[in-house]
Amino acid sequence: MSPEEIRAGSLAAVTTYFEAFEAGDLAKMTDVLAADVVHTLAMSFDGGVEPGLVLADRDEVLGFFSGILRQVSRRDLSDRRTTAGADGNTVFVEAVGDAEIADSGISYKNVYVFKFECADGQVKRITEYANPVAAHKALNIPLG
């Protein structure tokens, strides 16, 4: 594959991932996640450097998002700024998240940076950075 084809495949996988998340379509998300995908929520809730959560395969990632979809009635990741690395396999996305918690109607806004590592048109690794204080306030996640 040419570098342009690799880049196009990676960008298409990342775009599909976000479309599936916003639509709540786990089947569509499944199509672009490699079986051995790893999703790391790099933000720490205790002030340390260890990630808040590491999901080790596609089933864990989909199980996590299934729970999110039940908890959040509206999901929007807007103002997306996407940059593909020189290798075409690495894609960075900055976005502003705006969601609504289903049970309470509380608005949850956060800023995100995602690093996607792709291969053969599938997402192999996601590293997600966000503001843990905003998550704490909206989702009652303990800090410290």
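Does segment 40-60 contain any residue that is closer than 18 Å to THR16 by Cβ and not basic (Lys, Arg)?
First, pick out the residues of segment 40-60 that are closer than 18 Å to THR16 by Cβ: 58.
Among the residues that remain, those that are also not basic (Lys, Arg) are: none.
Checked against the condition, which is being closer than 18 Å to THR16 by Cβ and not basic (Lys, Arg), segment 40-60 yields no hits at all.
Within segment 112-122, can you find the residues that are open to solvent by 40 Å² or more (accessible area, probe 1.4 Å), touching a residue at least 24 places away in the same chain (Cβ under 8 Å) and on the phi < 0 side of the Ramachandran plot? Explain how you work it out, then say what you get.
Going residue by residue through segment 112-122, those that are open to solvent by 40 Å² or more (accessible area, probe 1.4 Å) are 113, 115, 117, 120, 122.
Narrowing the set further to residues that are touching a residue at least 24 places away in the same chain (Cβ under 8 Å) leaves 115, 117, 120, 122.
Selection gives LYS115, GLU117, GLN122.
Being among the basic types (Lys, Arg) and within 13 Å of the chain's Cα centre (by Cα) is true for just one of ARG80, ARG74. Which residue is that? Show your work before the answer.
Details: ARG74 fails: within 13 Å of the chain's Cα centre (by Cα).
Answer to the selection: ARG80.
Among residues of segment 86-111 that are buried (at least 19 other Cβ atoms within 10 Å of the Cβ) and part of a loop (DSSP other than H, G, I, E, B), those with a Cβ under 6 angstrom from a residue that is of a type in the set (Lys, Arg) and modelled with pLDDT of 90 or more, sequence gap 6+ or separate chain, pair up as GLY88/ARG7.
Would you say ILE6 is touching a residue at least 12 places away in the same chain (Cβ under 8 Å), open to solvent by less than 60 Å² (accessible area, probe 1.4 Å), hydrophobic (A, V, I, L, M, F, W, C) and part of a helix (DSSP H, G or I)? Steps first, please.
On the way: touching a residue at least 12 places away in the same chain (Cβ under 8 Å): yes; open to solvent by less than 60 Å² (accessible area, probe 1.4 Å): yes; hydrophobic (A, V, I, L, M, F, W, C): yes; part of a helix (DSSP H, G or I): yes.
It is true that ILE6 is touching a residue at least 12 places away in the same chain (Cβ under 8 Å), open to solvent by less than 60 Å² (accessible area, probe 1.4 Å), hydrophobic (A, V, I, L, M, F, W, C) and part of a helix (DSSP H, G or I).
Working carefully through the options VAL37, VAL14, find the one that is open to solvent by less than 40 Å² (accessible area, probe 1.4 Å), assigned to a helix (DSSP H, G or I) and either within 23 Å of ARG75 (Cβ to Cβ) or of a type outside the set (Asp, Glu) (or both). One residue alone meets the criteria, VAL14. Taking each residue of segment 53-70 that is touching a residue at least 24 places away in the same chain (Cβ under 8 Å) and looking for partners that are surrounded by 13 or more Cβ atoms within 10 Å (Cβ to Cβ) and in a loop (DSSP other than H, G, I, E, B) with beta-carbon atoms closer than 9 Å, six or more apart or interchain, yields PHE65/GLY24; LEU69/GLY24; ARG70/ALA102. Within segment 97-120, is even one residue in contact with a helix residue (DSSP H, G or I) (Cβ under 8 Å, 6 or more places away or on another chain), closer than 12 Å to SER10 by Cβ and among the aliphatic types (A, V, I, L, M)? No: zero hits.
The residues of segment 40-59 that are at negative phi and part of a loop (DSSP other than H, G, I, E, B), listed by number, are ALA42, MET43, SER44, PHE45, ASP46, GLY48, VAL49, GLU50, PRO51, GLY52, ALA56, ASP57. Is segment 123-134 home to any residue that is farther than 28 Å from GLU4 by Cα, surrounded by 13 or more Cβ atoms within 10 Å (Cβ to Cβ) and touching a His at 6+ places or on another chain (Cβ under 7 Å)? Within segment 123-134, none of the residues are farther than 28 Å from GLU4 by Cα, surrounded by 13 or more Cβ atoms within 10 Å (Cβ to Cβ) and touching a His at 6+ places or on another chain (Cβ under 7 Å).
Select from segment 69-85 the residues that are assigned to a strand (DSSP E or B) and open to solvent by 50 Å² or more (accessible area, probe 1.4 Å) and list them in ascending order. Steps first, answer last, please.
Residues of segment 69-85 that are assigned to a strand (DSSP E or B), as a first pass: 72-84.
Passing the criteria: SER73, ARG74, ASP76, ASP79, ARG80, ARG81, THR82, THR83.
The values are calculated or read from the model by the stated rules, or taken from the named source; none is laboratory data. All values reported here derive from a predicted model rather than from experimental measurement. Cβ atoms come from the backbone with ideal geometry, glycine included; neighbour counts cover every protein chain shown. Heads up: the accessible areas ignore ligands, DNA and RNA and are worked out on the full protein's heavy atoms, side chains in. Shrake-Rupley method; radii C 1.70, N 1.55, O 1.52, S 1.80 Å.
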